[in-house]
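Participant: Have a look at the structure that comes next, please.
The values are calculated or read from the model by the stated rules, or taken from the named source; none is laboratory data. It should be emphasised that the depicted structure is a prediction, and the values quoted were computed from it without experimental measurement. With ideal geometry, Cβ positions are generated from the backbone for all residues, glycine too; neighbour counts draw on all protein chains shown. Please note that ligands, DNA and RNA were not included when accessible areas were found on the heavy atoms of the full protein model with its side chains. Shrake-Rupley method; radii C 1.70, N 1.55, O 1.52, S 1.80 Å.
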Amino acid sequence: MKKLALIITIISFVFACQTKEKSQEQESETKTVEKGPQFKPENSDEEAIELADKVMQAHGGKEAWNNTRYIAWNFLGFRDLIWDKYTGDVRIDFPRENSTYLININDNTGKVKIGDRELSKGDSLDQYIERGKQIWVNDSYWLVFPFKFKDPGVSLTYHGQDTTLSGKDAEVISLTFEQVGFTPQNKYNAYIEPETHMILQWDYYQNASDSAASFSNEWSDYKKYGDIYLSSGRGERSLNDIKVAQEWDKTVFEQF
């Protein structure tokens with residue numbers, strides 16, 4: 001009996017240790033989403049911050065966004081992306097350039113293949129990894145813009161009531177950037193439906209000081225993906241093949 005009790009005690013101890021290690025691993029994965037610089041509310045209007053919070057909640061909420069791991073989509077028919085939000089791994093397939101990028105946007109590492117040839121350091125690999133990251137920044141912003149309002153370095157300004165291109169009533173806030181990202185001189189105006197707080201339209205300004213937008217797109221075709229809401233329609237263009245998942249075959253980030 002003493003031997004049996006000792007065996008049970010050992011098994012219980014090992015199981016407890018494994019459970020603790022697994023729990024710590026899951027906690028570590030979650031923390032990778034939340035670490036880093038934070039949004040500074042002192043640089044924004046209170047009314048704009050309040051509206052930004054409502055936008056986040058309308059599209060699923062902060063917790064649902066943080067818990068979302070894998071997102072895949074096609075950017076306007078040009079290229080396909082898969083993004084692991086927890087690790088920073090990104091795969092980009094760019095048929096027009098016959099290229100594939102397997103990069104990590106957190107530590108700026110990875111590998112790139114153009115045609116049938118994998119690039120080496122002598123082929124300016126670091127520059128191509130940087131280009132892949134720029135593609136991801138642009139393409140993901142088009143998809144998950146509603147969750148980016150309170151990113152580090154963003155300043156929000158409330159502009160009151162206006163109408164969209166199709167005449168819908170909206171509340172408008174602008175997003176400007178303080179030395180963050182690849183194009184901090186840009187500005188976006190977000191048109192927000194007053195009741196549902198969903199994005200109805202965005203205006204893009206190449207320079208924050210520009211008097212007229214470079215382009216405007218109305219947002220449409222909202223659907224729930226996992227626990228978050230995303231829009232695929234961008235005026236006459238669209239984002240396609242949107243998928244959200246908590247599990248994915250990780251070889252897509254490792255093999256061309």
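Participant: List the residue pairs whose Cβ atoms are under 9 Å apart, where the first residue sits in the stretch 209-223 and is open to solvent by 70 Å² or more (accessible area, probe 1.4 Å), the second is among the polar types (S, T, N, Q), and the two are 6 or more positions apart or on different chains.
Facilitator: SER209/GLN185; ASP221/SER231; ASP221/SER232; ASP221/SER238; LYS223/SER231; LYS223/SER232
Participant: May I pose another question? Just to be sure I understand, how many residues within the stretch 192-207 are touching an Asp or Glu at 6+ places or on another chain (Cβ under 9 Å) and either open to solvent by less than 20 Å² (accessible area, probe 1.4 Å) or under 29 Å from GLY132 (Cβ atoms) (or both)?
Facilitator: Residues that pass the stated criteria total 4.
Participant: Taking the stretch 194-247 on its own, how many of its residues are under 20 Å from the mean Cα position of the chain (by Cα) and of a type outside the set (Lys, Arg)?
Facilitator: Matching residues across the stretch 194-247 total 32.
Participant: Oh, and also: Go through the stretch 32-48 and count every residue that is at pLDDT 85 or above and hydroxyl-bearing (Ser, Thr, Tyr).
Facilitator: Final tally of qualifying residues: 1.
Participant: State which residue pairs qualify: first residue charged (D, E, K, R) and inside the stretch 168-194, second residue open to solvent by 40 Å² or more (accessible area, probe 1.4 Å) and at pLDDT below 95 in any location, beta carbons under 6 Å apart, and separation of 6 or more residues or different chains.
Facilitator: LYS187/ALA208
Participant: For the stretch 232-251, enumerate the residues that are open to solvent by less than 40 Å² (accessible area, probe 1.4 Å) and in contact with an Asp or Glu (Cβ under 6 Å, 6 or more places away or on another chain).
Facilitator: SER232, GLY233
Participant: So how many residues does the stretch 183-226 have that are part of a strand (DSSP E or B) and either within 29 Å of ALA245 (Cα to Cα) or in contact with a Gly (Cβ under 6 Å, 6 or more places away or on another chain) (or both)?
Facilitator: Going through the stretch 183-226 one residue at a time, the tally reaches 17.
Participant: Pairs under 7 Å by beta carbon, first residue closer than 16 Å to PRO152 by Cα in the stretch 43-55, partner assigned to a helix (DSSP H, G or I) and at pLDDT below 95, six or more apart or different chains?
Facilitator: ILE49/PRO41
Participant: Right, another one. Against the condition assigned to a helix (DSSP H, G or I) and either open to solvent by 60 Å² or more (accessible area, probe 1.4 Å) or modelled with pLDDT of 95 or more (or both), how does VAL144 come out, does it pass?
Facilitator: Answer is yes for this residue.
Participant: Another one. Within the stretch 57-101, can you find the residues that are surrounded by fewer than 16 Cβ atoms within 10 Å (Cβ to Cβ), of a type in the set (Asp, Glu) and within 16 Å of the chain's Cα centre (by Cα)?
Facilitator: Across the stretch 57-101, the qualifying residue is only GLU63.
Participant: Now for a separate question. Pull up the stretch 102-141, narrow it to residues that are part of a loop (DSSP other than H, G, I, E, B) and over 17 Å from the mean Cα position of the chain (by Cα), then point me to the one that is farthest from ASN43 (Cα to Cα).
Facilitator: The selected residue is ASP116.
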